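Asker: Could you have a look at this structure, given as structure tokens, before my questions?
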Amino acid sequence: MKSVTYPFIILSALILSACEDGDGASGATPDEPLATFFKPIPDEPVYPEDNDYSDIKAELGELLFWDPILSGSQNVACATCHHPNFAWADERAFSIGSDGVGLGSDRVGFEETGMHSPSIVNVAFTGMGLEEDTAFVSGGYFWDLRANTLEAQAVQPIKSDVEMRGFDIAEEDIFPIIVERLSAIPEYVEYFSQAFDEEPTITEENIAKAIATFQRTVITQRTRFDDYLDGDETALTPREITGLNKFVNGGCARCHSGPLLSDNTIHEDQPVITSADAVRTPSLRNVALTAPYMHDGSRATLRSAVSLYEDRGDLEVVLDDDDFGDITVFLNTLTDETFYRGVPASVPSGLKVGGDIDL
Ligand code: HEC
Ligand code: HEC
């Protein structure tokens with residue numbers, strides 16, 4: 001009898017002292033099953049009915065993504081601000097657009113966006129919740145969710161003076177000019193005619209469809225976190241598990257949920273974390289690779305981004321420094337670098353691949 005009671009007492013004492021600790025989140029077990037909040041990342045992107053997948057469309061979209069022909073002065077491409085070297089973001093607090101030269105933190109110029117550039121990885125899954133929904137349509141996009149679909153999103157940077165259009169061409173003129181430029185390049189004419197059925201094939205709508213199709217192919221693979229969700233208890237280290245449980249018990253998973261750890265919702269009632277109005281919850285997949293953080297890029301490191309949640313009245317518990325450390329260790333398990341793919345050797349326009357990104 002004694003030999004049983006003794007360890008029991010020690011165990012109770014341990015549990016008690018853990019509780020008496022008071023502040024800080026418990027990392028021993030999640031308060032609710034993990035499946036209440038998370039699901040593994042899907043293996044395949046989902047394509048909408050009105051823009052289904054084809055190899056040729058995705059290839060065309062990739063070339064357009066890298067080709068500065070879509071910008072007013074033919075010097076900025078989508079890839080200028082969404083570059084694989086920076087996990088398809090740009091490593092800057094705010095991006096430099098139409099008058100810039102260089103890449104990432106080396107880029108110089110005056111035309112700056114007022115928002116931080118998010119990664120385009122996994123945009124195929126943006127907005128996906130926990131339910132099995134075969135009719136899933138991804139979205140919305142941008143920090144304020146102003147674009148409902150990826151197709152609607154794609155035309156906006158092209159029309160934006162700061163980002164790609166520049167200040168010499170009027171907004172209503174930019175797409176007619178781009179269509180004319182593309183129509184003069186036989187390789188593009190061939191691509192568009194193979195990718196789309198109805199004439200004319202080179203249109204604003206089809207440019208957007210091809211770019212969206214390409215972006216949907218840029219997804220991450222499963223990480224150790226996904227294996228853990230599927231029941232492999234050895235997939236994460238004890239500290240990573242502690243961090244995950246604190247992430248749940250600390251209330252983070254209330255908004256950072258679903259396969260991307262984002263509900264893609266604007267929480268009007270949340271205390272404003274950084275400078276501006278409320279913005280949507282961002283994905284935390286690959287978050288370790290996409291510094292700086294927040295919609296204004298105001299946090300340089302992941303640890304400092306996580307520490308912003310100090311003294312947040314809307315979280316269930318008060319988190320302390322140890323908790324932030326454990327949670328950061330957990331967030332590092334959401335990294336998968338297979339999204340990286342080569343840079344095209346050339347683009348059909350013959351312009352600089354990715355725009356003026358070489359200093
Ligand atoms: C000058 C830099 C710049 C260029 C060029 C640029 N973007 Fe962006 N991109 C941004 C910024 C900044 C945001 C966030 C803006 C906001 O939310 O208001 C953004 C947002 C996005 C988003 C939304 C992601 C999400 O999670 O909601 C997608 C998708 C995207 N860009 C794709 C593109 C495509 C496609 C092109 C080319 C047609 C492009 N971008 C060109 C800087 C740029
Ligand atoms: C009420 C919803 C909500 C809760 C709860 C919440 N977040 Fe967030 N999270 C957001 C929003 C919204 C942003 C973007 C804020 C901004 O850009 O100003 C964000 C941004 C982040 C970022 C930066 C991501 C990036 O790419 O810039 C990290 C990291 C993060 N949250 C981690 C956490 C952690 C850890 C917790 C728990 C301690 C937590 N969040 C709780 C909504 C939430």
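The values are calculated or read from the model by the stated rules, or taken from the named source; none is laboratory data. None of the values given here were measured: they were computed from a predicted structure. FYI the Cβ positions are ideal-geometry reconstructions off the backbone, even for glycines, and counts take in every protein chain you see. Surface accessibility is based on the protein's heavy atoms, side chains included, excluding ligands, DNA and RNA. Shrake-Rupley method; radii C 1.70, N 1.55, O 1.52, S 1.80 Å.
Asker: So what's Rg/Rh here for the range 49-123, counting alpha carbon atoms and using the Kirkwood radius for Rh? Present the calculation step by step, with values, prior to reporting the outcome.
Answerer: Working: Rg = 13.4 Å, Rh = 13.2 Å.
That ratio equals 1.01.
Asker: When the chain is fully extended, how far beyond the present Cα-Cα distance does residue 171 get from residue 52, taking 0.36 nm per residue of separation? Please list the in-between numbers first.
Answerer: Numbers: separation 119, 0.36 × 119 = 42.84 nm, distance 2.87 nm.
Value of the extension gain: 40.0 nm.
Asker: On to the next question. Among the lysines, which fall within straight-line cross-link reach of residue 57, defined as a Cα-Cα distance under 27 Å, with same-chain neighbours fewer than 8 residues apart omitted?
Answerer: 159, 209, 352
Asker: Find the relative contact order for the chain and round it to a whole percent, using C-alpha pairs within less than 8 Å whose residues are 6+ positions apart. Walk me through the intermediate numbers first.
Answerer: Numbers: 679 pairs, mean separation 99.5, N = 359.
Relative contact order comes out at 28 percent.
Asker: Here's something else I'd like to know. Can you compute the modelled spin-label distance between residue 227 and residue 134, with each label point 7 Å from Cα toward Cβ, in nm?
Answerer: Each label point lies 7 Å from its Cα, and together they span 3.2 nm.
Asker: Here's something else I'd like to know. Charges only on Cβ, +1 for Lys and Arg, -1 for Asp and Glu: so what's the dipole of the chain about the Cα centre, in debye to the nearest 20? Let's see the in-between values first.
Answerer: Values: 23 positive and 63 negative charges, 177 e Å.
Approximately 840 debye in magnitude.
Asker: Counting only the heavy atoms of the protein chains, how much of residue 335 is accessible to a 1.4 Å probe, in Å² to the nearest 10?
Answerer: 40
Asker: I want to verify a result. In a Gaussian network model of the chain, Cα cutoff 10 Å, which of these has the top mean-square fluctuation: 227, 133, 322?
Answerer: Of 227, 133, 322, the Gaussian network model singles out 133 as fluctuating most.
Asker: Here's something else I'd like to know. Extending each Cα 7 Å along its Cβ direction at residue 340 and residue 187, get the distance between those two points in nm, one decimal.
Answerer: 2.5
Asker: Need one value: the accessible area of residue 233 in square angstrom, 1.4 angstrom probe, rounded to the nearest 10.
Answerer: 140
Asker: For every helix of n ≥ 4 consecutive DSSP H residues, a contribution of -39,500 (n - 2.57) applies; sum these over the chain, divide by its total residues, and give [θ] at 222 nm rounded to the nearest 500 deg cm²/dmol.
Answerer: So the calculated ellipticity at 222 nm is -10000 deg cm²/dmol.
Asker: Let me ask another. Could you work out the Kirkwood radius for the range 49-220, taking every pair of different alpha carbons, averaging 1/r and inverting it, reported in Å? Mind dumping the intermediate values first?
Answerer: On the way: mean 1/r = 0.0606 Å⁻¹.
Hydrodynamic radius (Kirkwood, Cα only) of the range 49-220 equals 16.5 Å.
Asker: Cα centroids of the range 194-221 and the range 122-152: how far apart, whole angstrom?
Answerer: The range 194-221 and the range 122-152 have Cα centres spaced 17 Å from each other.
Asker: Which residue, 319, 196, 297, has the largest displacement toward the positive end of the dipole of the chain when charges sit on each Cβ (Lys, Arg +1; Asp, Glu -1)?
Answerer: Checked the options; the winner is 319.
Asker: Mind pulling up the Rg/Rh value for the chain? Radius of gyration and Kirkwood radius, both on Cα. The partial results should precede the final answer.
Answerer: Details: Rg = 23.1 Å, Rh = 22.0 Å.
We get a ratio of 1.05 for the chain.
Asker: Give me a comma-separated list of calculated 3J(HN,Hα) values for the range 244-261, in order, Karplus coefficients 6.51, -1.76, 1.60 applied at θ = phi - 60°, integers in Hz, x for any Gly or Pro.
Answerer: 4, 5, 5, 4, 6, 5, x, x, 5, 6, 4, 9, 8, 10, x, x, 9, 6
Asker: Also, quick follow-up: Summing +1 for each Lys or Arg and -1 for each Asp or Glu, what net charge is found among the other residues whose Cβ lies under 10 Å from the Cβ of residue 51?
Answerer: Working: positive: 57, 209, 216; negative: 49, 50, 52, 151, 205.
With Lys, Arg at +1 and Asp, Glu at -1, the net is -2.
Asker: Springs between alpha-carbon pairs under 10 angstrom, Gaussian network model over the chain: which of 343, 248, 121 fluctuates most?
Answerer: Between 343, 248, 121, it is 343 that shows the largest mean-square fluctuation.
Asker: While we're here: Counting only other residues whose beta carbon sits under 15 Å from that of residue 262, what net charge do I get with K and R as +1, D and E as -1? If you can, show how the numbers build up before the last one.
Answerer: Numbers: positive: 39, 254, 280, 285; negative: 144, 263.
Spelling it out: positives minus negatives among the neighbours equals +2.
Asker: What are the ³J(HN,Hα) values, in whole Hz, obtained from phi via the Karplus relation 6.51 cos²θ - 1.76 cosθ + 1.60 with θ = phi - 60°, for each residue of the range 187-196 in sequence order, with x given for Gly and Pro?
Answerer: 4, 5, 4, 5, 4, 5, 5, 7, 7, 10
Asker: Further question: With the contact rule set at Cα under 8 Å and sequence spacing of 6 or more, what percent relative contact order holds for the range 49-220?
Answerer: 29
Asker: Pick from 154, 124, 278: which is most flexible by mean-square fluctuation in a GNM of the chain where alpha carbon atoms under 10 Å apart are linked?
Answerer: Checking each option, the largest mean-square fluctuation is seen for 278.
Asker: In nanometres, what is the gap between the two model label sites at residue 318 and residue 303, each 7 Å from Cα along Cα-to-Cβ?
Answerer: Simple spin-label model gives 2.3 nm for this pair.
Asker: Not counting the cut sites, what is the longest span of the chain without trypsin sites (Lys or Arg not before Pro) that DSSP labels loop and that have at most 13 other Cβ atoms within 10 Å? Could you put the intermediate results ahead of the total?
Answerer: Values: sites that count: 146, 341.
Here the longest run is 147-340.
Asker: Ordered by residue, what ³J(HN,Hα) values in Hz, to whole numbers, does the range 291-296 give under the Karplus form 6.51 cos²θ - 1.76 cosθ + 1.60, where θ = phi - 60° and Gly and Pro are x?
Answerer: 5, x, 10, 6, 5, 10
Asker: Count charges around residue 87 for me, please; just the other residues with Cβ under 11 Å from its Cβ, Lys/Arg as +1, Asp/Glu as -1. Kindly include the intermediate steps, with their values, before the conclusion.
Answerer: On the way: positive: 285; negative: 90, 91, 336, 337.
Net local charge, residue 87 excluded: -3.
Asker: Within the range 115-135, which residues have the backbone N less than 14 Å from the label spot 7 Å out from residue 265 along Cα→beta-carbon, could you tell me?
Answerer: Output list for this probe position: 127-131.
Asker: Averaged per residue, what accessible area in Å² does the range 49-220 show with a 1.4 Å probe, protein chains only?
Answerer: Numbers: 7180 Å² over 172 residues.
That works out to 42 Å² for each residue.
Asker: Work out the charge dipole of the range 49-220 with +1 on the Cβ of Lys and Arg and -1 on the Cβ of Asp and Glu about the Cα centre, then indicate which of 212, 186, 65 is farthest towards its positive end.
Answerer: Among 212, 186, 65, the one farthest towards the positive end of the dipole of the range 49-220 is 65.
Asker: What residue among 143, 113, 256 has its Cα farthest toward the positive end of the dipole of the chain, where the charges are +1 on Lys, Arg and -1 on Asp, Glu, each on the Cβ?
Answerer: It is 256.
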